[in-house]
Structures are given as C-alpha cells and as structure tokens.
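What follows is a short report on a single structure.
Just so it is clear, none of the values below were taken in a lab; they were calculated from the coordinates. Bear in mind the structure is a predicted one, so any value in this text is a computation, not a measurement. In this analysis, Cβ positions are derived from the backbone assuming ideal geometry, glycine residues included, and neighbour counts consider all displayed protein chains.
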Amino acid sequence: MSEVPTTVRQMAEHMATSVPQAAALGFRLLSVDVARGSIEAPWREDLVGDPDTQVISGGVVITLLDHTCGLAMSSSAFAGTAPFSTATLDLRIDYMRAAAPRAGVIAEAHCYKLTRTIGFVRAEAWDLDRSDLVATAQAAFILNRPHPTGAAA
Amino acid sequence: MSSPAEQLETFLQRVPYVRFLGMRAELAGDEMTAILPFAPHLVGNTFLPALHGGVIGAFLEATALAQLSVTQQSMRVHKTIDITIEYLRPGRALTSYARAELRKVGRRIANVHVDAWQDDRSQPFAALRGHFLLSADT
C-alpha cells in the first residue's frame, strides 16, 4: 500500500471501517490500490445465516462484495484527475459454495474498465483459500462527475 | 407439516442475520410482505442518508428465502445459487417493504423475483431476480 496516494488510503480506511453498516459488520481494510481494493468480514455469531451449519450469512457476503466493489470504484475516483461519486446500477452474485463454518470472508474487487459514465467491476470472495472461491460478483456503477465537460455523457 | 405462519416465524427467529438486520414479515394467506424498519446501523451513505446497497440486496435475498420457507416447507434454509440486484433509487431512511414472486418452482430449483419499495409501491427502489436450490428434508 506504499505507492498509493495518501488521500486514497485515507478514503479506503474511512470507507472500510467508518461507514455505519461496514462498522456494524466489523469490516477490516486489507489492501487498496488504484482501481482495486480488498476487505475482510470477520465471522460473528450474530451474522450467521444457517444455524444448522454456523455459516456466515449470504447477506454479509452481498454487503462485503458490494462494499469492496464500491472501494475499487472510489479508489479509481480518488486516484484520477477528475474525482466523481458513484451509484450502483446492478450487482450480480454467483455463489459457488457455502463458506466454512465459523469462517470470515475476504473479498477483492477490481474496476477493470472505466468509461466517462460507467465503471465495470469484478470481485471475488473466499474464506480460507483464494483458489477455492465462495462467491463472485459483477457490478456496474454510474459515475456522477461534479462538472460535466465536453460532449454529453 | 406446520402452518405457513409457523414456518415463517421459524425462519425469522432461527436466522441470526435476519435479527441483525431487524427484518420482520407479515403474512396474508400465502402472500408475504417483508418489512425492514430503518435503523442507523444499516446506513451506507451518511450524506443522503441512504441504506447500504448490500443491506438492500441482503433484505431482498432474505425476502426470497422467507417466501420459499413459507411455500416450500423445509426445516433447512434453501441455498442461493445466483442473484442479480437492480438498484433503481436510493434506499432512504424509511421503512422498506418487499414482496417475492415465485416465477417457477421446480423439483430442485426456484426462480424468484423480488421488488422493494418504501412509501410508494409503484416506485420500487430495488429489485432482485435469482435462482435458489431447494433443500429437501431428509
């Protein structure tokens, strides 16, 4: 994280831990880079989705993936010359398998294409082994630039 | 077999994450309305303020699972295969409602659509479509 501008690091730290829902879920920032980010959601008893197995809820995985995709978008926005805010258009999630019992989940997202108006982001989530994914996500974000210039978006 | 109301209550009470969200549900016959009262810990954007997009998605997914627990009776939680969440408007600091429509229920798979709204049902703020793997009691 040493080559990332300080503003991006500060934004990422704030986003991962100070947003009320992120704080309520106990999110931890693992890494941030331009157009990339990684966050961990620790396992907690009150976040279980299936009491028979003690597996963390799919709802937490949804929020983790959405939040990490947002982090990848924001780190693009803060690192660029023209900052922008974003809103999620859609988020598609595929569940490969349930997470391990009593395991937290880690997500990493990458904004792999940014146009004037839209950002496309992919993300992956895993629990113990990065090569054995729990879920993948694909999201599209609309960019809200404060002062539109040039041709219409 | 227990009644749909009992099935629903069991689902809502047994899943800790449902209580974390503060989600409730009401049943009119076999039609279920899920209810998510606003709470400060659900916020994702403090400027608007607005519900976290993940919370909206989780509420929609839980609505689909709750509806399946009413109609596809099982003591186990059904499993999500894939979902697409569409964000139409910001989720404001208000109570949210959602209803699930079971588009197709087969032997193993259910296709479910969910719409969520706040003060005006004709103005949904989010929607979900997804596939769920049905659990069978064994």
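General remarks:
- Averaging the sequence gap over all C-alpha pairs within less than 8 Å and six or more residues apart, then dividing by the number of residues, gives region A:9-153 a relative contact order of 23 percent.
- Whole-angstrom gap from region B:29-62 to region B:66-138, using each part's C-alpha centre: 13 Å
- Prolate/oblate/rounded label for region B:1-45 (Cα gyration tensor, a/c 1.5): oblate
- Length gained on full extension, B:LEU94 to B:LEU134: 11.2 nm, using 0.36 nm per residue less the C-alpha separation.
- Among A:SER131, A:SER85, A:SER31, the largest mean-square fluctuation in a Gaussian network model of chain A, built with springs joining Cα atoms closer than 10 Å, belongs to A:SER131.
- Ranked A:VAL55, A:VAL19, A:VAL32, criterion: other C-beta atoms within 10 Å, fewest first: A:VAL19, A:VAL55, A:VAL32
- Which of B:LYS104, A:LYS113 has the fewest Cβ neighbours within 10 Å, and the rest in rising order: B:LYS104, A:LYS113
- Residue order for A:THR86, B:THR10, fewest other beta carbons within 10 angstrom first, comes to B:THR10, A:THR86.
- Chain A: angle of helix A:6-17 to the longest principal axis, Cα-based, in degrees nearest 10: 40 degrees
- Angle in degrees between helix A:58-79 and the longest Cα principal axis of chain A, rounded to the nearest 10: 30 degrees
- Considering only B:GLY54, B:GLY91, B:GLY106, the mean-square fluctuation computed in a Gaussian network model of chain B, springs between alpha carbons under 10 angstrom, is largest for B:GLY106.
- Compared with the dominant Cα axis of chain B, that is its longest principal axis, helix B:53-71 is turned about 30°.
- Mean separation of Cα contacts under 8 Å, 6 or more apart, over the residue count of region A:25-74: relative contact order %: 35 percent
- Between B:PRO16, B:PRO90, B:PRO124, the residue with the greatest mean-square fluctuation in the GNM of chain B (Cα pairs under 10 Å linked by springs) is B:PRO16.
- Between B:SER3 and B:ARG19, the distance separating the two model label sites (each 7 Å from Cα on the Cα→Cβ line) works out to 2.4 nm.
- The helix-based estimate of mean residue ellipticity at 222 nm for chain B, built from -39,500 (n - 2.57) per DSSP H run of four or more residues and divided by its residue count, is -8000 deg cm²/dmol to the nearest 500.
- Region B:42-138, relative contact order [Cα under 8 Å, separation at least 6], %: 31 percent
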